[in-house]
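So the structure is just underneath, and the comments pick up after that.
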């Protein structure tokens, strides 16, 4: 079975514009929460720090869609892009895992389970054990597909640069801002700072994954052009 999707660069740009607008809107609604005369139940729907909220659902959906796009374009990336048969499927599975993690908090469970392993690096109060584990896994996977990464930069420099920028933004929010949040005392005295930290983290993640999705859609257009 072969699935063909007619997609143009303009379509990819529209998707990026829409997703960035949604991310910005959700962030502003969250920041304006204390000023809105709305029931707590409604405000919790837009709380970026909660797993059961609209922003988390958007982020989870974007990661899942991005993962499926990598899987969908895998055959063309191998046949017409010259990449290995495992590169796009591996990246796609990685994004699907991140989608599950975003929805269920797998990384937080890892930190909780490994609290007793003393040699693992961590931040205040035992936070962030998962970070080093994820970094090691990412480095090993990057080494495994190093030839594909090199080929991506050679054949598709613009799309690869956009993809890399998106990943940098996503990691800046998901790891960088979260690490800064570990230094905030969450006892109610820093509520405003905590709110801005949550908003920055979520917006960078949403903006980053939107940019990655934009890049993979552009790659899909290139593969289709090479095929035709």
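The values are calculated or read from the model by the stated rules, or taken from the named source; none is laboratory data. Note that this is a predicted model, so its numbers are computed, not measured. Because the Cβ atoms are built from the backbone with ideal geometry, glycine has one as well, and the counts that use them run over all protein chains shown.
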Failed item in (1) at pLDDT 95 or above; (2) touching a helix residue (DSSP H, G or I) at 6+ places or on another chain (Cβ under 6 Å), with residue 110 passing the rest: (1)
Matching residues, the stretch 79-111, being over 30 Å from residue 47 (Cβ atoms) and part of a helix (DSSP H, G or I): 79, 87, 88, 89, 90, 91
Within the stretch 125-151, considering residues that are in contact (Cβ under 8 Å) with a residue 60 or more places away in the chain and out of contact with any helix residue (DSSP H, G or I) (no Cβ under 8 Å at 6 or more places or on another chain), the one surrounded by the fewest Cβ atoms within 10 Å (Cβ to Cβ): 147
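Quick grid of which residues meet (1) surrounded by 14 or more Cβ atoms within 10 Å (Cβ to Cβ); (2) free of Cβ contacts under 8 Å to residues at least 60 places away in the same chain; (3) at positive phi; (4) under 18 Å from the mean Cα position of the chain (by Cα):
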residue: 55; (1), (2), (3), (4): yes, no, no, yes
residue: 69; (1), (2), (3), (4): yes, no, no, yes
residue: 84; (1), (2), (3), (4): yes, no, no, no
residue: 92; (1), (2), (3), (4): yes, yes, no, yes
When residues of the stretch 1-18 are limited to those that are in a helix (DSSP H, G or I) and without any contact (Cβ under 8 Å) to a residue 40 or more places away in the chain, the one surrounded by the fewest Cβ atoms within 10 Å (Cβ to Cβ): 10
Residue under evaluation residue 154, criteria (1) under 24 Å from residue 217 (Cβ atoms); (2) surrounded by 13 or more Cβ atoms within 10 Å (Cβ to Cβ); (3) modelled with pLDDT under 95, criterion not met: (2)
The stretch 19-43, residues that are farther than 16 Å from residue 196 by Cα and either assigned to a helix (DSSP H, G or I) or within 22 Å of the chain's Cα centre (by Cα) (or both): 19, 20, 21, 22, 40, 41, 42
